[in-house]
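The values are calculated or read from the model by the stated rules, or taken from the named source; none is laboratory data. What you see is a predicted model; the values in this text were computed from it and never measured. Backbone-built Cβ (ideal geometry, glycine too); neighbour counts: all protein chains shown. Remember, those area values only see protein heavy atoms, side chains included, never the ligands or the DNA or RNA. Shrake-Rupley method; radii C 1.70, N 1.55, O 1.52, S 1.80 Å.
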Amino acid sequence: MAVWIQAQQLQGDALHQMQSLYGQHFPIEVRHYLSQWIEGQLWDAIDLENPQEELKAKRLLDSLIQELQKKAEHQVGEDGFLLKIKLGHYASQLKSTYDRCPLELVRCIKHILYTEQRLVREATNSSSPVGSLMDSMSQKYHQINQAFEELRVLTQDTENDLRKLQHNQEYFIIQYQESLRIQAQLSSLATLPPADRQLREPSLLSKRATVEAWLTREANTLQKYRLVHTHYQKTLALLRKQQTVILDDELIQWKRRQQLAGNGGPPEGGLDILQSWCEKLAETIWQNRQQIRRAEHLRQQLPIPGPIEELLTELNSTITDIISTLVTSTFIIEKQPPQVLKTQTKFAATVRLLVGGKLNVHMNPPQVKATIISEQQAKALLKNENTRNDSSGEILNNNCVMEYHQTTGTLSAHFRNMSLKRIRRSDRRGAESVTEEKFTILFESQFSVGGNELVFQVKVSLRGHVKTGKPYAWQWDTGRVPFIVPDKVLWPQLCEALNMKYKAEVQSNRGLSEENLVFLAQKAFSSSCVNPEDYRNMTMTWSQFNRESLPGRNFTFWQWFDGVMELTKKHLKPHWNDGAILGFVNKQQAQDMLMSKPNGTFLLRFSDSEIGGITIAWVAENPNKAGERMVWNLMPYTTKDFSIRSLADRISDLNHLLFLYPDRPKDEVFSKYYTPPLSKAVDGYVKPQIKQVVPEFATPNPDPAANPTYMDHAASPAVNQPHAYGLYPPIGDPMLDADGDFDLDDTMDVARHVEELLRRPMEGQWSGQQS
């Protein structure tokens, strides 16, 4: 009951204003006894301009009456008896008043709550709204709704004043015509005989004097009524302020979230609330514009000298500027095309006009055209400079008519099958590569509002930019302005972006830990520091990020990180989500961690030496020195390996791997991902099975029928000897084709090669398959 408790502490004029809110339409006793219930309802969730919301309003009315009746029933004692009768009477009164127009009850209560909160804030010099009504919405959203209510009241007041002015002016004109008629009668007396003239003249002169006195008095009254036009200045000032909050704060934040979502950030959220605000703005602006035009018409109808003419001209110019800003700013790209475009590849985009339905733009459906422009052209557009209409390429299917969707009230154009046919590149400078050249897609249209009364040329380009070529073109810039790309960014900023991108690409709630980010910092800066604070103020340049190779490698930091994401997304996501993959651990760290654990303990880490590789490190005895233990490392697995056999199955194959670091039995972690055993032979055919083996750790089985066939091949990991921690040399293998893939088309060839590798007699096993 925070609002009502504080409202009761108001004094002086504020208290009188609060008391004047109540009456037969809504008794103050109802506010007092149901204060907690009233402040707990979602009044602002009901759109008063939408007739379909009437059912919600009816439910609130019924609930209010039920609450009143319950409150009445609980009253006891002598005083309670009178209150019981009074509350029951109020319940009946509210039902009869609002049963056929429940939205008016909502409007009434919203106005009461808004005014009370304003009075309390003014009295306490507090800028923050109070009360449990705020539990259902943010402070900013509530302030926006409050401003709309204030605009509604101001607009209604000026409408009432304008009607009074029109009524008085029409009556003034009638009386003025009467004065002209009297004057004409006086003039006609000159043609009458003197006796008749003397008889009629005094009466006409008296009438003329009375009418002229009335006209003089009413002329002054009309001037005062016309001064109400100054009230529009307050309304337009509040309109500008509200529009700035919605367009320059809320809509820009949505566009920023949309840009970050393209880099892996959370979804930008829907546009429904923004559209409802923009539509309310459009409706209020248009109502005030029509009022100003009517005021101008009244002035022309009766041109009484005064400063009103200049004021109305200024008001008309201001309101037109406000609606122009609204229309051009609410033409937005709802669905962005990809950040990387390839020629001859389809892509889609959607543009939307948030005020299209409210301003009836769909009555004459506009057409939208998409063109691709260069970085220089886009920068010129941002500066409102004139640019040539030349595009920097050709887009197929780049014209689309905006469609109005009645159910959602949206006006949008869906480009479903655009394709970049060709691109015209500029001369590159310095070290800039083809894929670093930036472009943007410009959407253009023309809207007419109010039956071609106003025509707007609108343009909107992508919030970020697109690149053409390989998909390494991740959005590096963390700024808000398109094409203004920083030379370097702070490491914490980049960490936030990398974590966002990683979770989005891998589609996992498990992001990068602080230890992971320290590992990445060590890799990015070739550093051995382990304290995160040491990197807090360090910056990374674009060259360090994706132009210069890492020390001793032939790939960049971003290429390595992108490879990790691709591998995890395609093959390792469940294991990453389970926490089975440490991943971001270097070789020395892995050795230090494993040497304190029992033999057979292993961990999974991303390869330092290969893009998109993951390796297994485990601790075991050193076969060359009795009693000594060492850490072994397998050659990295890549996507190619996992397309043949999954990680879980490969771990299952290696019997010497017992515990996942620190001490979890491997079957407990990975068994749910093992491939089920093959079925028995069908029609006399036996399916071959591929498994991996590490020769130094293979345990031979004398019964070949009970043990699956093992193979050692280049794509499977080869053991890294303890003294060798460099790049693993490839091992030639006649089983692999030129691309390193298995040729499984001819099972006989596979079987013969298995036979050669393991030197086992296979003739009896395979003879039954030949036909």
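Observations on the structure shown:
- Residues of segment 41-53 that are surrounded by fewer than 15 Cβ atoms within 10 Å (Cβ to Cβ) and either touching a helix residue (DSSP H, G or I) at 6+ places or on another chain (Cβ under 7 Å) or basic (Lys, Arg) (or both): 42 alone.
- Residues located in segment 344-389, provided they are in contact with a helix residue (DSSP H, G or I) (Cβ under 9 Å, 6 or more places away or on another chain) and at pLDDT 70 or above: 352, 353, 354, 355, 356, 357, 358, 359, 361, 373
For (1) farther than 30 Å from residue 657 by Cα; (2) in contact with a strand residue (DSSP E or B) (Cβ under 6 Å, 6 or more places away or on another chain), each residue gets a yes or a no:
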| residue | (1), (2) |
| --- | --- |
| 496 | yes, no |
| 513 | no, no |
| 551 | yes, no |
| 583 | no, yes |
| 594 | no, yes |
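- Leading residue by the ranking (nearest to residue 292 (Cα to Cα)) among those in segment 161-192 that are touching a residue at least 12 places away in the same chain (Cβ under 8 Å) and of a type in the set (Val, Ile, Thr): 173
- Residue that is surrounded by 18 or more Cβ atoms within 10 Å (Cβ to Cβ) and either part of a strand (DSSP E or B) or at pLDDT 80 or above (or both), where the choices are 489, 455, 530: 489
- Residue list for segment 351-373, filter: within 20 Å of residue 250 (Cβ to Cβ) and open to solvent by less than 50 Å² (accessible area, probe 1.4 Å): 351, 352, 353, 354, 355, 356, 357, 359
- Scan of segment 390-441 for residues that are surrounded by fewer than 15 Cβ atoms within 10 Å (Cβ to Cβ), touching a helix residue (DSSP H, G or I) at 6+ places or on another chain (Cβ under 9 Å) and either at pLDDT 75 or above or under 17 Å from residue 333 (Cβ atoms) (or both), ordered by number: 403
- Hey, residue 328 modelled with pLDDT of 85 or more, of a type in the set (Ser, Thr, Tyr), open to solvent by 30 Å² or more (accessible area, probe 1.4 Å) and under 15 Å from residue 412 (Cα atoms) or not: yes
- Here the condition is being surrounded by 15 or more Cβ atoms within 10 Å (Cβ to Cβ), assigned by the TED database to the domain that holds residue 317 and not small (Gly, Ala, Ser); of 230, 235, 191, 244, it holds for 235 alone.
- Candidates 182, 144, 173 - the one that is open to solvent by 30 Å² or more (accessible area, probe 1.4 Å) and either of a type in the set (Val, Ile, Thr) or in contact with a Phe, Trp or Tyr (Cβ under 6 Å, 6 or more places away or on another chain) (or both): 173
- Highlighted here would be helices (runs of 4 or more DSSP H) found entirely within segment 567-646 that include at least 2 residues which are surrounded by 15 or more Cβ atoms within 10 Å (Cβ to Cβ) and on the phi > 0 side of the Ramachandran plot, but there are none.
- Residue 81 satisfies every condition listed in (1) within 49 Å of the chain's Cα centre (by Cα); (2) over 18 Å from residue 107 (Cβ atoms) except (1).
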